[in-house]
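A.B. asks: Dumping the structure here so I can ask a few things about it.
Laboratory data are not the source of any read-out in this text; all were calculated from the coordinates shown. All values reported here derive from a predicted model rather than from experimental measurement. Reconstructed Cβ throughout: ideal geometry from the backbone, glycine too, with neighbour counts over all protein chains shown.
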Amino acid sequence: MGYDTIAQLMVQCEGRPERMPQVIYENEIRLTDRTKTEIYAELEARYAVMRLSAEKALREPQKMVCGLIEGQAMRQQKYAAERGGISGTFFNRIMALALSGSEVNASMGRICAAPTAGSCGIVPAVLVGLEEQGGWSKEKMLDALLVAGGIGAVITKNATVAGAEGGCQAECGTAAAMAAGAAAWLFGGTPEQVGDAAAIALIHVMGLVCDPVAGLVQLPCSFRNASGAVNALISADLALAGQMPGIPPDEVINAMYRVGRKLPMELRETALGGMAAEPTARAIAKKLFATDETT
Amino acid sequence: MNISIFEILGPVMIGPSSSHTAGAAKLARTAAAIAAKPFLRVRFELSGSFAKTGLGHGTHQALLAGAIGLHEDDERLRVADKLAKAQDIDWEFSEIELPDAHENTVAFTFFCTDGTQVRIVGCSLGGGRILVTDIDGMKTEISAEQPTIVVEQNDKPGVVSAISRVLAEQGINIGVMRVSRTAKGEAAGCVIETDTTVPPEVAARLCALDNVHTVRVIEG
C-alpha cells in the first residue's frame, strides 16, 4: 500500500491524523529498506541542519557574493525586538528565521534543501518557529517533518519543484505547502485539513515567477522565503478554521504544474525576465561578471 | 510513492544551488575518483548554464572543492581555491561548446604527477544528481548514487563473468552492470553499481584478473 497523490494519502490515513506520519515512513521503509529507527535518526540529523541554518544568520550577517541580502535576518530580528512589528513578534520571528536560511544558503553555508536550496528557509522557519512556542515533543516535530516530506513527494511526483521548470510557485510554493501541511498537522488538523492547508498555500502563490537578480539565489528569493513561511502559517490557519479550497488538493497541484509549464522561459530561473530584467538588476549582473577571482 | 522523503528534505549541502553548487562538487569529486591519480593541475571546461551563471552560484569553488576531494556538504567548499593552493594544485577554467550535451556539462582534464592526462566529461542534472558520460573517449553512465566500480578491460570472452564471479564470492550484490567498448575486441569498460561498499581488497582481486587493466572504486 502506498500513495502517489494527496487523495491516496488521505485514504491511507483512515481519518486518523496520527496515521499520517506512519503511512509516510512505512512507504519509506518499503522504498529504501531502512528501519523506522534509521529513518527517524536521519530526520533528526536533517532537522538539526535546518535549525542551524534558521538561526545562524540571526547571530551575525553572512558574507556572500554581491551581498544583496547580507544582514537581512538580523535586521528583521532587531526591528521586531525594538518595535514588535505590525504583524506581531511571532510572524516577525518566523520571517527572521526564514531570512536566515536564505542568507546562509546564499553565503555558501550548509543547508538542507526543502524541497530545493532556493526555498530552504521556509520549512525550517515554520517548524523551528512553532517549536519555540512549545508544547510539542521532539518526536512530534519529526512527525511533522515527515508530513512535510510526504506532501513534497506528492508534488514532486505529480508536478515539479524545479524553478527552471515551474517558476517560484514550484519552489517556494511547494515549500510553503509542505510547511502548511506540517503546521496544520501539528495543531491537530484532520488529514483533510492537512491537504487543504497545502492546497491553500499553493493557491496563494499560483503563477509566481522565478526571476533571480543577476542569477543569484538572493533577490527576490529571500523575500519569497519570508513570505512563504508566513503563507504556510496563514494557510494552515485557514484550513484549520474549516475554509475549504473547493478544488481538491491534487487538482490544485496539477493546476500549479500546468501554470508553470505555461510560464515563458524568461520567467523560469534564467534571470532574463521579471525583476532580473530591470536596469538595476542588469547593472548588478554586469558588476558581478567583472569581478571574478577564481577564473 | 517511489520518491524518498530524503530527496525532498535534502540533500544536506552547501548553498546556493543544488545543481550549480552541490551537483558541481559531486561531479568533480566523482571525476577525480575516476581519474584515481594524484594530479598537479586540473582544467575545467564549462558549457551551457554552468559557463553563463556559474559565477554567482560558486560553481568554480564547488568544482575545485570536489576535485580535491571535498564533499558537497563541507563548509570549506567556499575556500577551495585556498585549499588547492596549499596543496600546490593549479587549475584553469574555460568555456567550451559541446553540441548535444546537457545544459550543465563540464569537461575535466587532470594533469597527473606521472605525466599522463585523464579527460572526463559529465553533467549536473539538478537536485544534486550527476552523470559522468565519458572517460578518455569511452562512453559511460556513472551516477555515483550507489557504490560504483569502474573497470577497464580487454574486450575478450570470459572477462565480465570473471569479474562478476569475484563479486559473488565476496557477497557483493550487483545492482546494475553496463559494458561498453570502443571497438570489437579492443578496450572495453565496465560500470558496476553495487548495493554495498567495495573494500580495497576486492578491488585488488579484480585488478589481478587476466585482461583487466584498471579498477576504480567510487563511493556512493
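A.B. asks: Could you give me the radius of gyration and the Dmax of the protein assembly as shown, taking only the C-alpha atoms into account and expressing both in angstrom?
C.D. replies: Using the Cα atoms of the protein assembly as shown, the pair Rg, Dmax is 23.8, 79 Å.
A.B. asks: Can you give the calculated 222 nm mean residue ellipticity of chain B, where each DSSP H run of n ≥ 4 adds -39,500 (n - 2.57) and the sum is split over every residue, rounded to the nearest 500 deg cm²/dmol?
C.D. replies: Numbers: 7 runs with 58 residues, N = 220.
Helix contribution divided over all residues of chain B: -7000 deg cm²/dmol.
A.B. asks: If r is the Cβ-Cβ distance from A:ARG258 to B:GLU152 and R0 is 45 Å, what FRET efficiency results, to the nearest 0.05?
C.D. replies: Working: r = 47 Å, r/R0 = 1.05.
Efficiency, from the Cβ-Cβ distance: 0.45.
A.B. asks: Counting every Cα pair in segment A:27-107, what percent are over 20 Å apart?
C.D. replies: Values: 1516 of 3240 pairs.
Considering segment A:27-107, 47 percent of its Cα-Cα pairs are separated by more than 20 Å.
A.B. asks: Please provide three numbers in whole Å: the alpha-carbon extents of segment B:88-195 along the principal axes, with the largest listed first.
C.D. replies: Per principal axis, max minus min of the Cα coordinates gives 45, 34, 34 Å.
A.B. asks: Mind jotting down the distance between the C-alpha centroids of segment B:156-220 and segment B:89-108, whole Å?
C.D. replies: 29
A.B. asks: Provide the FRET efficiency to the nearest 0.05 for the A:ALA241-A:ARG75 pair, computing r from the beta carbons and using R0 = 30 Å.
C.D. replies: Details: r = 32 Å, r/R0 = 1.08.
So, using R0 = 30 Å, E works out to roughly 0.40.
A.B. asks: So what is the relative contact order for chain A, in percent, with contacts set as C-alpha pairs under 8 Å and at least six apart? Kindly include the intermediate steps, with their values, before the conclusion.
C.D. replies: Details: 542 pairs, mean separation 57.2, N = 295.
Rounded, it is 19 percent for chain A.
A.B. asks: On to the next question. Would you mind computing, in nm to one decimal, how far apart the modelled labels at B:ASP114 and A:ASN158 are, each placed 7 Å from Cα along Cα→Cβ?
C.D. replies: About 5.5 nm, to one decimal.
A.B. asks: Which value in Å is the Kirkwood Rh of chain B over different Cα pairs?
C.D. replies: Numbers: mean 1/r = 0.0558 Å⁻¹.
17.9 Å is the Kirkwood radius here.
A.B. asks: With the alpha-carbon atoms as the only input, what is the per residue convex hull volume for segment B:148-218 in Å³? Mind showing how you got there, number by number?
C.D. replies: Details: hull volume 5.1 nm³, N = 71.
Taking only Cα atoms, segment B:148-218 has a hull volume of 72 Å³ per residue.
A.B. asks: Once both axes come from the Cα atoms, what is the angle between helix B:23-35 and the longest principal axis of chain B, in degrees from 0 to 90, rounded to 10?
C.D. replies: Helix B:23-35 sits at roughly 40 degrees to that axis.
A.B. asks: Here is a follow-up. Straight-line reach from A:LYS36: which lysines fall under 27 Å, measuring Cα to Cα and dropping same-chain residues less than 8 apart?
C.D. replies: Answer for A:LYS36, where 27 Å is the Cα cut-off: A:LYS138, A:LYS140, A:LYS157, listed by chain and number.
A.B. asks: May I pose another question? Rounding to the nearest 10 and keeping the result within 0 to 90°, find how far the Cα-based axis of helix A:72-83 lies from the longest principal axis of chain A.
C.D. replies: Rounded to the nearest ten degrees, it is 80.
A.B. asks: P(r) for segment A:6-290, please, calculated from all Cα pair distances in 10 Å bins and given in %.
C.D. replies: Histogramming segment A:6-290 at 10 Å steps yields 8, 30, 36, 21, 5, 0 percent.
A.B. asks: Before rounding to the nearest 500, sum -39500 (n - 2.57) across all DSSP H runs of length at least 4 in chain A and divide by the residue total; then give [θ] at 222 nm in deg cm²/dmol. Kindly include the intermediate steps, with their values, before the conclusion.
C.D. replies: Working: 13 runs with 190 residues, N = 295.
When only DSSP H runs of four or more count, the value is -21000 deg cm²/dmol.
A.B. asks: Specify the inter-centroid distance of segment A:97-175 and segment A:11-90, based on alpha-carbon positions, in whole Å.
C.D. replies: Result: 6 Å between the Cα centres.
A.B. asks: Past the 31 Å Cα-Cα mark, which pairs from A:LYS63/A:LYS262; A:LYS63/B:LYS139; A:LYS63/B:LYS85; A:LYS63/B:LYS37; A:LYS286/B:LYS26; A:LYS287/B:LYS85?
C.D. replies: Numbers: A:LYS63/A:LYS262 36 Å; A:LYS63/B:LYS139 41 Å; A:LYS63/B:LYS85 22 Å; A:LYS63/B:LYS37 35 Å; A:LYS286/B:LYS26 29 Å; A:LYS287/B:LYS85 26 Å.
Those over the limit are A:LYS63/A:LYS262; A:LYS63/B:LYS139; A:LYS63/B:LYS37.
A.B. asks: Relative to the compact-globule scaling 2.2 N^0.38 Å, provide the ratio for the alpha-carbon radius of gyration of segment A:190-295. Show your work: numbers first, answer last.
C.D. replies: Working: Rg = 17.5 Å, N = 106, 2.2 N^0.38 = 12.9 Å.
Relative to the rule-of-thumb radius for its length, segment A:190-295 sits at 1.36.
A.B. asks: Another question, if that's okay. Order by neighbour count: B:TRP91, A:TRP136, A:TRP185, fewest other Cβ atoms within 10 Å first, most last.
C.D. replies: Working: B:TRP91 21, A:TRP136 16, A:TRP185 27.
So the ranking, lowest neighbour count to highest, is A:TRP136, B:TRP91, A:TRP185.
A.B. asks: Please find the FRET efficiency linking A:ARG59 to A:GLN133, where r is the Cβ-Cβ separation and R0 is fixed at 22 Å, and quote it to the nearest 0.05.
C.D. replies: Working: r = 21 Å, r/R0 = 0.96.
The computed FRET efficiency comes out at 0.55.
A.B. asks: Still on this structure, please answer the following. Give me the percent of DSSP beta bridges within the protein assembly as shown that run antiparallel, rounded to the nearest 5. Mind dumping the intermediate values first?
C.D. replies: On the way: 46 of 53 bridges.
Of all bridge pairs located within the protein assembly as shown, approximately 85 percent are antiparallel.
A.B. asks: Additional query: Let me check against my output: what whole-number percent is the relative contact order of segment B:5-141, with C-alpha pairs under 8 Å and at least 6 apart?
C.D. replies: On the way: 287 pairs, mean separation 45.0, N = 137.
Relative contact order, segment B:5-141: 33 percent.
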